[in-house]
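One structure is given here, and the rest of the page talks about it.
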Amino acid sequence: MINDLWYKNAIVYCLSVGTYMDANGDGIGDFTGLMRRLDYLHGLGITAIWLMPFQVSPQRDDGYDVADYYGVDPRYGTLGDFVEFTHAAEQRGIRVLIDLVINHTSNEHQWFKEARKDPNSKYRDWYIWSKKKPSSANEGMVFPGVQKSTWSYDDEAKAWYFHRFYEFQPDLNTSNPEVQAEILKIMGFWIQLGVSGFRMDAVPFIIATKGPDVRKPEEQYDMLRMFREFLQWRQGDAIVLAEANVLPDTDLEYFGDDGDRMHMMFNFQVNQNLFYALASADTRPLVKALKATKPRPATAQWGLFLRNHDELDLGRLTEEERQTVFAAFGPTKDMQLYDRGIRRRLAPMLDGDQRRLELAYSLLFTLPGTPVIRYGDEIGMGDDLSLPERNCARTPMQWSNEPQGGFTKSEKPRLPVISGGPYGYEHINAAIQRRHPESLLNWTERIIRMRKEVPEVGWGDFTVIPTRDPAVLVMRYDWRNNWVLFVHNLDAKPREVTFSVGLDGDNAGYGKLLINLLAEDHSRADDNGKHRLVIEAYGYRWYRVGGLDYLLRRTEVDEPLHPKRG
Ligand code: NOJ
Ligand code: CA
């Protein structure tokens with residue numbers, strides 16, 4: 001098999017234009033500013049950018065309330081600036097993914113304005129209405145505690161409309177073929193302007209049946225195939241990365257049994273269990289999540305992440321597990337959100353301890369999938385809990401110790417730059433960290449570089465190797481006659497583990513030698529073929545199995561990859 005599925009081994013960096021770099025000094029980041037930082041991103045080694053929504057929007061949900069899908073919000077620049085940006089990214093070999101927010105629009109979108117004004121408008125049926133208040137109006141809120149209902153009365157329409165999210169985000173009637181055609185048109189438009197795909201927002205809600213009489217929404221999975229077919233007919237290497245926080249037994253419905261639906265999905269299951277593992281030093285539920293999410297078509301890929309722009313959603317853990325994570329990483333009420341999650345950034349959760357940050361990132365880069373990192377996490381940025389809801393973790397990028405962290409010349413950025421305290425821009429910033437070889441920024445650059453040299457993680461098949469110690473995770477990847485092996489100690493204490501690499505037959509001999517890719521301490525097996533390692537608190541090891549002649553040994557064909565369900 002010749003591999004040209006770029007997303008299987010990409011390094012994705014997510015950012016929002018408005019908080020990255022403000023070139024014109026109005027306090028809001030813009031495309032011109034972002035373009036000036038492309039060399040920074042190129043140097044970091046990332047291969048794709050996921051841009052949060054930048055289309056015209058009243059910005060009541062940070063752009064996830066779109067008022068015009070075909071335009072750039074003037075605060076961020078023009079369509080011309082956008083095309084300059086995608087061109088400049090392409091020149092550096094960086095792909096651009098953008099958010100596609102089509103479960104709902106802003107209530108200021110022209111479609112909604114016409115729909116509410118005129119019952120005979122063609123747009124009326126683009127939304128979901130009810131003459132009477134539906135009995136389910138107080139059920140199914142995504143933002144409990146902030147959002148009061150899922151149906152609101154509109155005075156102008158004299159009817160109730162459905163909104164899965166905030167009341168200013170009326171749901172589109174995504175079962176309506178005209179709405180579907182418009183969604184494809186939106187994708188076609190941005191593809192033409194140079195993007196390589198979409199992070200599709202709220203996928204389970206897009207494909208759900210909606211309406212006043214719908215008691216139990218049903219997913220219409222085949223809609224996903226329609227999105228994918230359109231994309232690939234237009235541009236063969238374009239992808240969809242789905243935001244779908246779903247249970248593992250429906251994963252294949254999203255990927256499609258034959259890999260004919262979503263190319264990628266975020267692995268929420270692994271994300272939540274990974275935080276539990278970091279909180280408890282018990283990797284057993286994480287291993288379970290890895291195994292439960294293992295079956296997938298060969299062309300599909302997981303998007304792995306630690307933190308994103310939303311709260312860390314712990315809704316899929318058991319009550320006891322969730323309380324363990326809260327106690328470790330978000331003990332006070334102001335750190336928690338929507339009764340299910342933690343709204344902090346990664347660095348403060350881990351006490352700014354670089355050993356723990358490296359451990360977390362080392363796991364992110366070596367678990368099965370494509371890593372998605374969040375802007376600012378490469379320098380260990382903090383949060384501002386005085387800001388409402390999820391805004392606390394959306395503050396401007398900290399570039400230097402100059403005023404406003406070098407983000408803007410304005411004295412009043414739209415969201416304040418974090419200043420003072422342990423995470424203030426005065427000492428947490430990119431400029432200082434690039435001067436220190438051991439800084440998190442330089443570590444991240446080096447680990448990305450190494451991650452690119454272990455394509456086994458993205459392409460290969462994994463095995464969890466038993467160690468009898470739940471605090472230590474040992475994983476091996478196999479691909480094209482090569483093997484890599486990773487060891488992570490999630491405990492605050494050093495551990496000693498014994499394991500065998502587990503290769504059989506002709507390959508067994510290779511398992512006797514583990515070459516450390518990041519330091520000098522290699523490991524040789526004892527006479528029984530066992531490796532014995534002492535691994536320091538929060539330690540991690542990246543090994544090549546059998547020696548560094550791996551490229552000379554690589555074969556041209558794949559072993560059968562990822563067995564399917566059943
Ligand atoms: C998921 C996004 O990640 C979140 O930020 C947003 O509020 C909702 N979808 C609604 O679009
Ligand atoms: Ca600006």
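May I ask you to evaluate 6.51 cos²θ - 1.76 cosθ + 1.60, the Karplus curve with θ = phi - 60°, for each residue of region 531-541 and list the ³J(HN,Hα) values in order in whole Hz, giving x for glycine and proline?
Those phi angles translate into 9, 10, 10, 9, 10, 5, 3, 6, x, 9, 9 Hz.
If each residue's Cβ is checked for other Cβ atoms within 10 Å, how do 223, 264 rank with the fewest at the top?
Starting with the residue having the fewest Cβ neighbours, the order is 223, 264.
Within the set 113/185; 185/210; 158/185; 409/452; 493/530; 132/210, which residue pairs have Cα atoms separated by over 25 Å?
158/185; 409/452, as the Cα separations exceed 25 Å there.
Tally Lys and Arg at +1 and Asp and Glu at -1 over the other residues with C-beta under 12 Å from the C-beta of residue 10: what net charge comes out?
+3
Please work out the Kirkwood hydrodynamic radius for the chain, using every pair of different C-alpha atoms, and report it in angstroms with one decimal place.
24.7 Å
Taking the convex hull of the alpha carbon atoms in region 466-566, what volume per residue do you get, in Å³?
Cα-based convex hull of region 466-566, divided per residue, equals 127 Å³.
Can you tell me the mean projection area, over all orientations, of the convex hull of region 84-195's alpha carbons? Units nm², please.
8.8 nm²
How many times 2.2 N^0.38 Å is the alpha carbon radius of gyration of region 77-124?
Region 77-124 yields a ratio of 1.78.
Output needed for region 344-443: three equivalent-ellipsoid semi-axes, defined as square roots of 5 times the C-alpha gyration tensor eigenvalues, in descending order, whole Å.
Its equivalent ellipsoid spans semi-axes of 23, 16, 12 Å.
In the neighborhood of residue 89, defined by Cβ-to-Cβ distances under 13 Å, what is the net charge if each Lys or Arg adds +1 and each Asp or Glu adds -1?
So the surrounding residues net to 0.
Can you sort 294, 117, 216 from fewest to most other Cβ atoms within 10 Å of each residue's own Cβ?
Neighbour counts put them in this order, fewest first: 216, 117, 294.
What is the helix-to-structure angle for 319-329, meaning the angle in degrees between its Cα long axis and the longest Cα principal axis of the chain, kept from 0 to 90 and rounded to the nearest 10?
80 degrees
Give the angle, between 0 and 90 degrees and rounded to the nearest 10, that separates the Cα long axis of helix 79-91 from the longest principal axis of the Cα atoms of the chain.
10 degrees
For the chain, what is the mean residue ellipticity at 222 nm derived from helices alone (per DSSP H run of n ≥ 4: -39500 (n - 2.57); sum divided by total residues; nearest 500 deg cm²/dmol)?
Calculated mean residue ellipticity at 222 nm is -7500 deg cm²/dmol.
If you split all Cα-Cα distances of region 397-480 into 5 Å bins from zero, what percentages do you get per bin, shortest first?
Going from the shortest bin to the longest, the percentages are 3, 13, 13, 13, 11, 10, 10, 11, 9, 5, 2, 0.
Relative contact order for region 320-436: what percent, with Cα pairs under 8 Å and sequence separation of 6 or more?
Answer for region 320-436 is 20 percent.
Read-outs: derived from the displayed coordinates by stated rules, not from any lab. From a predicted model like this one, the values you see are computed outputs, not experimental measurements. FYI the Cβ positions are ideal-geometry reconstructions off the backbone, even for glycines, and counts take in every protein chain you see.
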